[in-house]
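Below is one structure, written out as structure tokens, with a few remarks after it.
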Amino acid sequence: MKTDRLIGILSVLLQKDKTTAPELAEQFEVSRRTINRDIEALCMAGIPIQTLRGPDGGIRIMDGYRMDRTILTSKDMQMILAGLRSLDSVSGSRYYSQLMEKIQTGSSEFISGKDSILIDLSSWYRDSLAPKIETIQDAIELKKTIRFQYYSPGGDTEREIEPYYLIFKWTSWYVYGYCFLRNDFRLFKLNRMDSIAHAASFKGDREVPMPDLSDKKVFPAKDRVKAVFDPSMKWQLVEEYGAGSFTEMDDGSLLFEHEYADDEGLLAWMLSCRDKVTVLEPERIRDMLYQITSELARRYEGERK
């Protein structure tokens, strides 16, 4: 606990020109005496901290201080810069680029080699995604609720939430917050959100559980599909589910069995495979595919007459 607090105090001092012991005591919920001992510990660790007395006094790190090389290695710096660069790929401003420049200043002599990790978190929707992320980030920082139009398989709804986390997972961006419509915490996909705007202020004193982002929690298994794929679809099965997700039959076809979360998603995937897949189970999915393809055949036959 003390180590976490020391790192936290150092982070505050690196970000602010000056602070005070009472401010730190309040922020970390400890006594001023404890803060004074922590400052002494940081000084003993080699951090050049100055304590200034008087009306304009306070605690600050000496001008020109840079982290010692022994704290961050060349590899550490490359990982930090790769992370910042990935955030810059969805940023609507130059904030992360400027932050990278600050970190690199005076550090280039021990950042060896070229960048070996390049991460792009943007998508086909980058132009609309960056403003959404920026609006939500500001709302989280300012403790503002956000209102937006949400489009989902269940229909279109107007939502207002207290936002707490921006999350990148399953190749998409989400916001996690307390939804006033459902009176519970919910995960919303940014690509399905529109007309996002700040609304009312909120206290931020709600007990917020960490979002459970496990596949079993967010996409609980509904049923199990069994299907036979054409050999030409091997690359897609490997890409989506791994090389161990199917059994290669004597005729070269691929027997695939896997749990799935919802009928609509499974139907969309099977239809995208065209005539390269035959669903064996469940029977319900076979019937739905038959109905969909029959209706499509009737529609296009009518247009050709």
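Values for this structure:
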| item | result |
| --- | --- |
| Region 213-237, subset over 26 Å from residue 167 (Cβ atoms) and small (Gly, Ala, Ser), residue surrounded by the most Cβ atoms within 10 Å (Cβ to Cβ) | 227 |
| Conditions (1) in the same structural domain as residue 284 (by TED's automatic domain parsing); (2) within 23 Å of the chain's Cα centre (by Cα); number of the one not met by residue 231 | (2) |
| Checking residue 210 against (1) outside any loop (DSSP other than H, G, I, E, B); (2) outside the structural domain of residue 278 (by TED's automatic domain parsing); (3) free of Cβ contacts under 8 Å to residues at least 12 places away in the same chain; (4) not β-branched (Val, Ile, Thr), the condition it does not meet | (1) |
| Qualifying residue in region 265-277 (condition: under 11 Å from residue 225 (Cβ atoms), assigned to a helix (DSSP H, G or I) and of a type in the set (Asp, Glu)) | no |
| Odd one out for residue 257, checked against (1) of a type in the set (D, E, K, R); (2) surrounded by 10 or more Cβ atoms within 10 Å (Cβ to Cβ); (3) in a helix (DSSP H, G or I) | (3) |
| Filter pass, residue 252 being surrounded by fewer than 12 Cβ atoms within 10 Å (Cβ to Cβ) and assigned by TED's automatic domain parsing to the domain that holds residue 281 | yes |
| In region 230-260, the residues that are in contact (Cβ under 8 Å) with a residue 40 or more places away in the chain and either in contact with a Phe, Trp or Tyr (Cβ under 6 Å, 6 or more places away or on another chain) or among the small types (Gly, Ala, Ser) (or both) | 232 |
| Residues located in region 260-275, provided they are surrounded by 15 or more Cβ atoms within 10 Å (Cβ to Cβ) and either over 15 Å from residue 292 (Cβ atoms) or not assigned by TED's automatic domain parsing to the domain that holds residue 297 (or both) | 260, 261 |
| Residue match in region 226-233 (condition: charged (D, E, K, R) and under 24 Å from residue 283 (Cα atoms)) | yes |
| Flag for residue 240 being at pLDDT below 95 and either closer than 30 Å to residue 257 by Cα or surrounded by 14 or more Cβ atoms within 10 Å (Cβ to Cβ) (or both) | yes |
| Residue match in region 156-175 (condition: over 21 Å from residue 142 (Cβ atoms), in contact (Cβ under 8 Å) with a residue 40 or more places away in the chain and aliphatic (A, V, I, L, M)) | no |
| Region 124-166, subset hydrophobic (A, V, I, L, M, F, W, C) and over 18 Å from residue 201 (Cα atoms), residue farthest from the chain's Cα centre (by Cα) | 124 |
| Residue match in region 150-167 (condition: part of a helix (DSSP H, G or I), surrounded by 14 or more Cβ atoms within 10 Å (Cβ to Cβ) and not assigned by TED's automatic domain parsing to the domain that holds residue 281) | no |
| Test set (1) modelled with pLDDT of 80 or more; (2) under 15 Å from residue 63 (Cα atoms) - residue 30 fails condition number | (2) |
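The values are calculated or read from the model by the stated rules, or taken from the named source; none is laboratory data. Bear in mind that the values here come from a model prediction, so they are computed numbers and not experimental data. Counting neighbours? That spans all protein chains shown, and the Cβs are built from the backbone with ideal geometry, glycine included.
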